[in-house]
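Student: Structure provided below as structure tokens; questions to follow.
The values are calculated or read from the model by the stated rules, or taken from the named source; none is laboratory data. Everything numeric in this text was worked out from a predicted model, so none of it was measured. Glycine also receives a Cβ, built like all others from the backbone with ideal geometry; neighbour counts cover every protein chain displayed. What goes into the accessible areas is simple: the full protein's heavy atoms, side chains included, and nothing from ligands, DNA or RNA. Shrake-Rupley method; radii C 1.70, N 1.55, O 1.52, S 1.80 Å.
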Amino acid sequence: MTTRPRARMLGVDALWRLPPGPLNAITDVAGVRVGHATVWFGEGPLLPGAGPARTGVTTILPHAGNLFREKVAAAVHTINGYGKACGFEQVRELGELETPIALTNTLNVWRVADALVDHALHANPDIGIATSTVNPVVGECNDGYLNDIQGRHVKAEHVRAALVSAASGAVSEGAVGAGAGTTCYGWKGGIGTASRATPAEAGGFLVGALVQTNFGRPEELRFGAWPVGQVLRAPAQAAPAHGSVMVVLATDAPLDARQLHRLCVRAEAGLARTGATIGHGSGEFVIAFSTVRRIYHEAFAPPIVRPASVLANEAAALESLLPAVVEAVEEAVLNSLCAAETVVGRDGHIRHALPLAQVRQLLGSTSQIGHVAAKRDKA
């Protein structure tokens, strides 16, 4: 766990209206577990296939049971489709998730998917023989600036380690797991998480977000109304405009796939509040699931209808759930930046940690930021 402060410890909690859950993490949603395996070795020049490696895998599990047998309602949304996401089409079509979600680097998607299939086969040996096949779900970001991405160093054992170590409780953030080699607004990015609780009169539900950040120019970064990226000196080797982000949303609200897709769409607003402009060559994907809306794999004969929890008043619940998504995604992105330490990768490439002392100073004094914003507006 990093010792760097999270975003709201910089004095920006006034940005948000809804309260966070106890841990301000996706694991505030009961049953959700997160695991990381970080692959980190080598220094110096790139030797394709041999390192240095700055990469990993992060897994998100909706519940502790057999996910293939007890699926959860889910939805996906593509903001900009420049990416290699695996398994999204079946989720889009059927509205259900039947494996853990794994995040990794771009060229490792298929090896990670293969490991998820192995995991499902081990628990369900009838897959593909006496019952249907399985749909592994994997998202990705390109960490090739710091990592030997051709090496595809995330192996089956790393996926197994991330699955076995997945736990409730506090979530490690920053340069860990799938975020070990990623970049955000030109500084070191990585994994970030946050959560929001809706008011009791709106259901008292929880929404959690986990992000893998790898996007943005330094000058685009915003903390609320403060364009801090325009004031901070751009780090050396700043990032290009394109990039990617994976957003995972979890909730204990009894939402179906249609309603979950509405949550997915609002993640765009959370990204935009941090300064994201969604470039031509960027890949932004969102996947959401409800931990309490279950779909059972076994068929019943004769068919029976299982009772399911539903929202008695969709409008009233979503009036709070939608802004909860926006706030949780925004804070998760900022947490990914705040948590990440400086990383030196292949060929001496560096992604510097966001200078939090300088950010704190800027947020405490709006005069300099206001001057920069006024100058920009005149231009």
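Student: Does Thr3 qualify as being open to solvent by 30 Å² or more (accessible area, probe 1.4 Å) and either part of a loop (DSSP other than H, G, I, E, B) or on the phi > 0 side of the Ramachandran plot (or both)?
Tutor: In short, yes.
Student: Is it the case, given these coordinates, that Thr104 is among the hydroxyl-bearing types (Ser, Thr, Tyr) and in contact with a helix residue (DSSP H, G or I) (Cβ under 7 Å, 6 or more places away or on another chain)? Explain how you work it out, then say what you get.
Tutor: Numbers: among the hydroxyl-bearing types (Ser, Thr, Tyr): yes; in contact with a helix residue (DSSP H, G or I) (Cβ under 7 Å, 6 or more places away or on another chain): yes.
Here the answer is yes, as Thr104 does meet what is asked.
Student: Could you identify the single residue in Thr99, Thr59, Thr38 that is hydroxyl-bearing (Ser, Thr, Tyr) and within 15 Å of the chain's Cα centre (by Cα)?
Tutor: On the way: Thr99 fails: within 15 Å of the chain's Cα centre (by Cα); Thr38 fails: within 15 Å of the chain's Cα centre (by Cα).
Among Thr99, Thr59, Thr38, only Thr59 is hydroxyl-bearing (Ser, Thr, Tyr) and within 15 Å of the chain's Cα centre (by Cα).
Student: So, one more: Looking at the stretch 67-83 only, could you name the residues that are of a type outside the set (A, V, I, L, M) and over 15 Å from the mean Cα position of the chain (by Cα)? Outline the logic, then answer.
Tutor: Our first condition is that a residue be of a type outside the set (A, V, I, L, M); within the stretch 67-83, this holds for 68-71, 77-78, 80-83.
Passing the criteria: Phe68, Arg69, Glu70, Lys71, Asn80, Gly81, Tyr82.
Student: Here is a further query. In the stretch 206-216, is there at least one residue being surrounded by fewer than 24 Cβ atoms within 10 Å (Cβ to Cβ) and either free of Cβ contacts under 8 Å to residues at least 24 places away in the same chain or outside any loop (DSSP other than H, G, I, E, B) (or both)? Give the derivation first.
Tutor: Within the stretch 206-216, the subset surrounded by fewer than 24 Cβ atoms within 10 Å (Cβ to Cβ) is none.
Within the stretch 206-216, not a single residue is surrounded by fewer than 24 Cβ atoms within 10 Å (Cβ to Cβ) and either free of Cβ contacts under 8 Å to residues at least 24 places away in the same chain or outside any loop (DSSP other than H, G, I, E, B) (or both).
Student: Do you know which of the residues in the stretch 276-296 that are in a loop (DSSP other than H, G, I, E, B) and either within 20 Å of Leu337 (Cα to Cα) or touching a Cys at 6+ places or on another chain (Cβ under 8 Å) (or both) is modelled with the lowest pLDDT?
Tutor: Keep residues of the stretch 276-296 that are in a loop (DSSP other than H, G, I, E, B), which gives 276-282.
Narrowing the set further to residues that are either within 20 Å of Leu337 (Cα to Cα) or touching a Cys at 6+ places or on another chain (Cβ under 8 Å) (or both) leaves 276-279, 282.
Working: Ala276: 94, Thr277: 92, Ile278: 90, Gly279: 85, Ser282: 88.
Step by step, filter the stretch 276-296, then rank; the result is Gly279.
Student: Mind counting the residues in the stretch 6-49 that are of a type in the set (Gly, Ala, Ser), open to solvent by 50 Å² or more (accessible area, probe 1.4 Å) and not in a loop (DSSP other than H, G, I, E, B)?
Tutor: 1
Student: Check whether at least one residue in the stretch 28-46 is free of Cβ contacts under 8 Å to residues at least 12 places away in the same chain and more than 24 Å from Glu268 (Cα to Cα), and report yes or no. Steps first, please.
Tutor: Start the filter on the stretch 28-46 by keeping residues that are free of Cβ contacts under 8 Å to residues at least 12 places away in the same chain, which leaves none.
No, the conditions are met nowhere in the stretch 28-46.
Student: Test of understanding: among Gly151, Gly169, Gly181, which residue is at pLDDT 95 or above, under 26 Å from Ala276 (Cα atoms) and either small (Gly, Ala, Ser) or surrounded by fewer than 18 Cβ atoms within 10 Å (Cβ to Cβ) (or both)?
Tutor: Details: Gly151 fails: under 26 Å from Ala276 (Cα atoms); Gly169 fails: under 26 Å from Ala276 (Cα atoms).
From the options Gly151, Gly169, Gly181, the qualifying one is Gly181.
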